[in-house]
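The values are calculated or read from the model by the stated rules, or taken from the named source; none is laboratory data. Every value quoted in this text rests on a predicted model; they were computed, and no experiment measured them. Positions of Cβ are generated from backbone atoms using ideal geometry, with glycine treated the same way; all protein chains shown enter the neighbour counts.
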Amino acid sequence: MDMKNRRKLDDMTPREIVASLDEYVIGQEDAKKMIAVAIRNRVRRKALPDEIKNEVTPKNIIMIGPTGVGKTEIARRIARLASAPFIKVEATKYTEVGYVGRDVESMVRDLMASSLNLVKEELYKTRESEVDHKVEERLLDLLLPEVEREKNGQVSEDVIQTREKFRDMLRRGVFDDKEIEIEAKPQMRISGVGVFPASDGQMEDLNNMISDLGSVFGKGRGQKKKVTIKRAREIIKEEELDKLTNNDNVVEEARKRTEEMGIIFIDEIDKICSKGSHNNQDVSREGVQRDILPIVEGTKVSTKWGVIDTTNILFIAAGAFSMSKPSDLIPELQGRFPLRVELKDLTADDFYRILQEPSNAMVKQYKALLSTEGVTLEFTDEALRRISAIAEEANKRTDNIGARRLHTVMERLLEDISFNADLKRGETVLVTEEFVDERLGGIIVDQDLTRYIL
Ligand SMILES: Nc1ncnc2c1ncn2[C@@H]1O[C@H](COP(=O)(O)OP(=O)(O)OP(=O)(O)O)[C@@H](O)[C@H]1O
Ligand SMILES: [Mg+2]
């Protein structure tokens with residue numbers, strides 16, 4: 001993540017938010033703008049005097065658009081930008097068999113967990129060297145247990161020197177794969193400080209259960225296990241971070257952020273539409289809508305970190321709505337998503353840009369992949385134009401699957417080059433318009449072939 005992405009979402013103007021989304025998502029300006037404004041409005045709200053502040057609630061958004069045009073991608077990128085707590089859930093997961101006992105409120109708990117990770121990460125950044133030093137000392141204690149024993153008595157010059165030698169080796173990663181025994185606390189908390197933590201609420205529930213069990217059988221009783229130094233470093237760091245952040249201020253800050261700045265992205269919302277006929281599946285879908293409703297309207301959800309008020313959490317929903325319309329949602333829920341934005345079908349011109357512009361563009365990826373085997377891959381401009389036109393054509397002739405079509409087209413195009421890369425070491429392979437036509441021209445004119453191959 002570069003510095004620009006690390007900038008606080010709070011400080012970013014809508015224009016800047018759109019600009020950073022532009023790095024990954026081509027077009028879809030309306031959707032980007034709407035989301036940017038919604039995010040900005042929450043920062044504005046925070047600055048209001050209390051009387052007015054409490055009157056301003058977020059305007060939730062539904063993004064509507066065909067498959068593969070960037071709905072989920074926008075969410076993913078917002079998450080990366082977000083110094084605001086953010087989680088993405090699939091509405092469908094609440095309709096799944098086995099849903100029993102898993103309530104939709106878990107999305108709020110997951111959001112809080114994400115917020116907590118964020119706050120912890122920020123805290124860690126300000127205390128990084130302190131934590132790292134403690135971790136190093138503990139690793140050295142593990143590697144040189146005899147020092148521990150000698151602690152009360154005199155520590156000889158030798159021991160100190162050995163320790164410093166080990167410290168140096170440790171830093172150089174010499175011991176990374178060495179196995180040692182450590183005492184792990186019986187709490188298996190969600191590790192890592194990513195922005196998509198515990199996207200699966202089940203994990204959190206499980207953790208709760210485990211720590212509950214832990215308290216039954218006596219908390220804090222360590223369990224010895226053998227791990228590599230590399231892993232031990234992570235575990236110990238996690239422990240030290242917990243020590244550092246195990247106080248109410250951190251939880252309080254995380255709770256405040258969840259309530260004031262939290263964003264929940266509900267993907268595939270169209271899949272929980274029911275269409276009047278009341279078969280079992282529709283009942284369960286409508287049930288999910290009814291379960292979600294209070295959370296979107298504003299309710300208090302209790303979590304192990306205290307009660308979270310959801311009134312000011314921003315909800316962004318997305319769906320293709322190919323088989324249904326937003327008006328197939330229960331009216332109460334529709335009313336809670338006043339902002340609608342449509343994402344547009346992608347054209348050949350969009351594909352041409354999507355192929356090369358985004359920071360993770362497909363052309364860049366293929367070049368990088370082949371360069372690992374010493375093959376330089378180049379495309380002429382005409383070739384890229386031709387690929388884009390073929391993708392558009394294939395979308396028209398069969399199903400419109402948006403930018404996902406580019407993946408199948410590119411795979412097919414580069415199949416042979418990929419397969420024979422080892423024979424082309426040191427060479428430059430230039431993909432020309434003729435090459436594209438040769439590989440794909442025959443397929444695109446035959447509708448059946450297109451259907452099966454592209
Ligand atoms: N506008 C775009 N700019 C850049 N890449 C895009 C764009 N639209 C789609 N893509 C690429 O296409 C793939 C699918 O996009 P995405 O997951 O956003 O689809 P979606 O709109 O959520 O579709 P679905 O309704 O099927 O969930 C992603 O790999 C994404 O990178
Ligand atoms: Mg999607």
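Could you say whether any residue in the range 376-395 is surrounded by fewer than 17 Cβ atoms within 10 Å (Cβ to Cβ) and within 16 Å of ligand 1 (Cβ to nearest atom)? No - not one qualifying residue is present in the range 376-395. Quick one: is Asp416 modelled with pLDDT under 95, over 23 Å from the mean Cα position of the chain (by Cα), over 18 Å from Thr347 (Cβ atoms) and not assigned by TED's automatic domain parsing to the domain that holds Gly65? Against the criterion (modelled with pLDDT under 95, over 23 Å from the mean Cα position of the chain (by Cα), over 18 Å from Thr347 (Cβ atoms) and not assigned by TED's automatic domain parsing to the domain that holds Gly65), Asp416 qualifies. Taking Ile269, is it touching a helix residue (DSSP H, G or I) at 6+ places or on another chain (Cβ under 6 Å) and surrounded by fewer than 19 Cβ atoms within 10 Å (Cβ to Cβ)? So Ile269 does not fit the description; no.
For the range 231-265, the set of residues classified as farther than 24 Å from Met12 by Cβ and of a type outside the set (D, E, K, R) consists of Ala232, Ile235, Ile236, Leu241, Leu244, Thr245, Asn246, Asn247, Asn249, Val250, Val251, listed by residue number. Consider the range 206-234 and keep the residues that are within 26 Å of Ser106 (Cβ to Cβ) and aliphatic (A, V, I, L, M). The one that is modelled with the lowest pLDDT is Val216. Residues that are out of contact with any helix residue (DSSP H, G or I) (no Cβ under 9 Å at 6 or more places or on another chain), under 26 Å from Lys271 (Cα atoms) and surrounded by fewer than 18 Cβ atoms within 10 Å (Cβ to Cβ): does the range 29-52 have at least one? Yes, the range 29-52 contains at least one residue that is out of contact with any helix residue (DSSP H, G or I) (no Cβ under 9 Å at 6 or more places or on another chain), under 26 Å from Lys271 (Cα atoms) and surrounded by fewer than 18 Cβ atoms within 10 Å (Cβ to Cβ). Counting only helices (runs of 4 or more DSSP H) that fall entirely inside the range 303-406 and contain at least 1 residues that are touching a helix residue (DSSP H, G or I) at 6+ places or on another chain (Cβ under 7 Å) and outside the structural domain of Lys88 (by TED's automatic domain parsing), the qualifying elements are 348-356, 362-371, 381-397. Considering the conditions (1) closer than 26 Å to Gly402 by Cα; (2) assigned by TED's automatic domain parsing to the domain that holds Ile64, Lys300 is excluded by exactly one of them, (1). Looking only at residues of the range 66-86 that are outside any helix (DSSP H, G or I) and within 18 Å of Glu122 (Cα to Cα), we find that the one that is nearest to ligand 2 (Cβ to nearest atom) is Phe86. For Ala31, the conditions (1) within 16 Å of ligand 1 (Cβ to nearest atom); (2) touching a Ser or Thr at 6+ places or on another chain (Cβ under 7 Å) are fulfilled apart from (2). Scanning the range 317-341 for residues that are surrounded by 15 or more Cβ atoms within 10 Å (Cβ to Cβ) and within 13 Å of ligand 1 (Cβ to nearest atom) gives Ala317, Ala318, Gly319, Ala320, Phe321, Ser324, Val341. If you filter the range 421-454 down to residues that are surrounded by 12 or more Cβ atoms within 10 Å (Cβ to Cβ), of a type in the set (Val, Ile, Thr) and part of a helix (DSSP H, G or I), you find that the one that is modelled with the highest pLDDT is Val436. Within the range 59-82, residues that are surrounded by fewer than 21 Cβ atoms within 10 Å (Cβ to Cβ) sit with their Cβ atoms under 8 Å from residues that are polar (S, T, N, Q), at 6+ positions apart or across chains, in these pairs: Lys59/Asn41; Pro66/Ser322; Pro66/Asn400; Thr67/Ser322; Thr67/Asn400; Arg80/Asn5.
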